[in-house]
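Below: the structure, in structure tokens.
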Amino acid sequence: MIAAGAILCLGAAGFLYTRREHISLRPSSILARLEGTNLYNPSEALFKRGNPRQKVVALTMDDGPHPKYLPTILSILAANHVHATFFEVGEMMAKSPNLVRQVLADGNEIGDHTMTHPRLIHLTPAQIKSEIMQCQQTFHAITGKQMNLFRPPGFREDPKILKEIKALGFITVDYTTAAHDFIVKGNFAKPNPIKIAASVMDRLKPGGIILLHDAPGTAEALPELLSEIKAKGYRVVMVSQLLAGLPHPITVATDAGPCTTPMSKIPAYAIADGAKIHH
Ligand SMILES: [Zn+2]
């Protein structure tokens, strides 16, 4: 009787604990947590979230560089003394190379988000490679550096695609918290900045990767969002720093910092506004 009561109590405590922490008791989930693959899966080089024991979060900004919004976003980040990881589109980088250099010069890092932002599941392996490497080549032409982090457009990928991305030398970066800050095609109503900040804060957890976009709603929501993140005692870091803080740390060379290629050595096609890069 006592044993049955103890089991019941333990069960109830376990249930409450898992409810609060959102931890699954499925055997596969327990094994993943023991191995740490719930955070980083080495077979796919997939980074899912940072160390839940550290009160840090990473800001990620996709789909830029956008000449209209990015300068504002960069100045807000600088004013708050924080850095972000930007997943940029090759075609957009080719149109605004000076912004790409500015992102790095401010101490932020940049990851590959393909050349033209297609859904990878609709492409052949050769097309996937071309999309990723054209973006890499564009970035290299502009900065003399190379990217190590990758994010698939729309998060449309599968284990086979993840392994192809890994073979190209990239770590794929997932997210834990989406801000829903992008403008849906055909809907020109700007997302509400208060709602953007609230939707992030509602789901923020240690080791979180926040998904934002280089978009007008983000620029407006950012000051409030950063002050709320700070008020909750979180430190904002970049994805490479989250990786370095894992229980089994992953070291990637960050591309943050001054560009290594002098302006005179950058091919003309990468400088001209509106230029398309053809390979
Ligand atoms: Zn995107």
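Overview of values
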item	result
Modelled FRET efficiency - R0 41 Å, residue 232 with residue 168, Cβ distances, 0.05 increments	0.65
Carbon + sulfur, % of accessible area of the stretch 40-271 - ligands and nucleic acids excluded, 1.4 Å	56 percent
Amide H contacts under 5 Å for residue 62, placed H, 5+ residues apart	87, 212, 213, 214
Out-of-range pairs (alpha-carbon distance over 21 Å; input 129/166; 68/230; 55/160; 48/95)	68/230; 55/160; 48/95
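The values are calculated or read from the model by the stated rules, or taken from the named source; none is laboratory data. As the structure is a prediction and not an experimental result, all values here were calculated from the model. Positions of Cβ are generated from backbone atoms using ideal geometry, with glycine treated the same way; all protein chains shown enter the neighbour counts. For the accessible areas, the whole protein counts, side chains as well, though only heavy atoms, and no ligand, DNA or RNA atoms are used. Shrake-Rupley method; radii C 1.70, N 1.55, O 1.52, S 1.80 Å.
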